[in-house]
Structures are given as C-alpha cells and as structure tokens.
Amino acid sequence: MKRHIPFALTTCRLLLGPIALLCAAEGVGRIVFLPILIAGTLSDIFDGILARKFGVATPALRRYDSITDVIYYLFILSAAWILCKPVVAQNLWAIALILISEVAVVLVCFIRFRKYPATHSYLAKFYGLCLLAGLIALLVFNASSWAILALTVVAVVTNGEIIAIHLVADSPPVDVRSIFVVLAQNKKAAQKI
C-alpha cells in the first residue's frame, strides 16, 4: 500500500489544478487558493521523498511528476487570468518568457534523449518554492507585477540550467542536483579514458 502513496500524491496535484480553475471561475474567495497552492507544493515535495523512501522512484514516476507539474501550473495560470487579469495582461511578455523557457526545456530534452525532462535539480526545487510564494502573493493577496517579474527571473535561470544539464549529460538526467554535478561526472569519465 505504501508504494502507491507517491503516485497518489502526484495525482492529487493533478486534480488540484482543475479545482483551482473552478474556484476562480465560480468567484470563490481568494483565501481558498492558499490551501490549494500549499497542498500542490507539498504533494510535489513529498511524492519524490516518499518514492525514494519506499523504493518506487522510477524514471517513469519522475516523468509523471514533471508532466503533472506542467498541467497543474497551466490550470493555476488560467485561474490567475480570471482573478488577476489586469496584472497578468500587463505582464504577458514575462509570462510568455516563462512559458517559452519551459517549452525550450521540453524540446531540448526530447530532441536530445527522446524523453520528457525529469531533472529535479536543486534550482528547480527552489523555483517550485518561488512559484508557491509568488502565486500566493498573486492569487491570495492580489499582488502587483513584482510577483510575476520575480518568477520570470527564477524561471529563466532555472530552465537555462536544466537545458545546460541536458546538453552536457550523456544519458537522460533524472534527479540531477545541478549542472556542476553533471560537469564533474563528465570530467571523471574523461579522466578514466
């Protein structure tokens, strides 16, 4: 039974996205997004921790987690459009930059390895926490442009690292701490030759 918990947590996050969109469309009070966003982030953190603890951390589960992240955040973006349309509209260029950087990661990984990315670097984890803070600021507290602009900077830096990891890795990178780890592994492998 324990081995199904990581999958269930990821699936829970997948379902939270449509719930958030429905709440936004129905005009539910903004405070409802606080538990939705926190639960989404906690499920993203603990699905991986528990998968490793229970010995079920497979590349397929990590990719399911990554795909779920994209779907969840697209629903959250749609909710933000409904709730914060003026701020979102004013910062469409920044949101487009975030989305372009996300698409670039997927394209580079697919072209290089024919797989969906599941890098899960430390910087990606930091990005996830920044998403939580920025989205709480935006959806719960109706923040201004600063939340989107800060997320844009973190997204572009994070996705740049993930692209670099995919360009220098010899095999599809799963759960790689940083670009520096990949470079060190490549250096060790070159020294053995």
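The values are calculated or read from the model by the stated rules, or taken from the named source; none is laboratory data. As the structure is a prediction and not an experimental result, all values here were calculated from the model. Quick reminder, even Gly has a Cβ in these numbers, built from the backbone with ideal geometry, and neighbours come from all protein chains shown. Quick note on the areas: whole protein, heavy atoms, side chains included, nothing else; ligands and nucleic acids left out. Shrake-Rupley method; radii C 1.70, N 1.55, O 1.52, S 1.80 Å.
Find all pairs meeting these conditions: Cβ atoms under 6 angstrom apart; at least six residues apart or on different chains; first residue within the range 47-64 and under 14 Å from residue 176 (Cα atoms); second residue of a type in the set (Ser, Thr, Tyr) and open to solvent by less than 60 Å² (accessible area, probe 1.4 Å).
Short answer, once both residue conditions are applied: 63/116.
Residues of the range 172-189 being modelled with pLDDT of 85 or more, in a helix (DSSP H, G or I) and of a type outside the set (Phe, Trp, Tyr), which ones?
179, 181, 182, 183, 184, 185, 186, 187, 188
Which condition breaks for residue 154 when tested against (1) hydrophobic (A, V, I, L, M, F, W, C); (2) open to solvent by 60 Å² or more (accessible area, probe 1.4 Å); (3) more than 29 Å from residue 26 (Cβ to Cβ)?
(2)
What residue, among those in the range 108-132 that are open to solvent by less than 40 Å² (accessible area, probe 1.4 Å) and in a loop (DSSP other than H, G, I, E, B), is nearest to residue 33 (Cα to Cα)?
Step by step, filter the range 108-132, then rank; the result is 120.
Look at residue 162 and say whether it is in contact (Cβ under 8 Å) with a residue 60 or more places away in the chain and either assigned to a helix (DSSP H, G or I) or in contact with a Phe, Trp or Tyr (Cβ under 6 Å, 6 or more places away or on another chain) (or both).
For residue 162, the condition - in contact (Cβ under 8 Å) with a residue 60 or more places away in the chain and either assigned to a helix (DSSP H, G or I) or in contact with a Phe, Trp or Tyr (Cβ under 6 Å, 6 or more places away or on another chain) (or both) - is not met.
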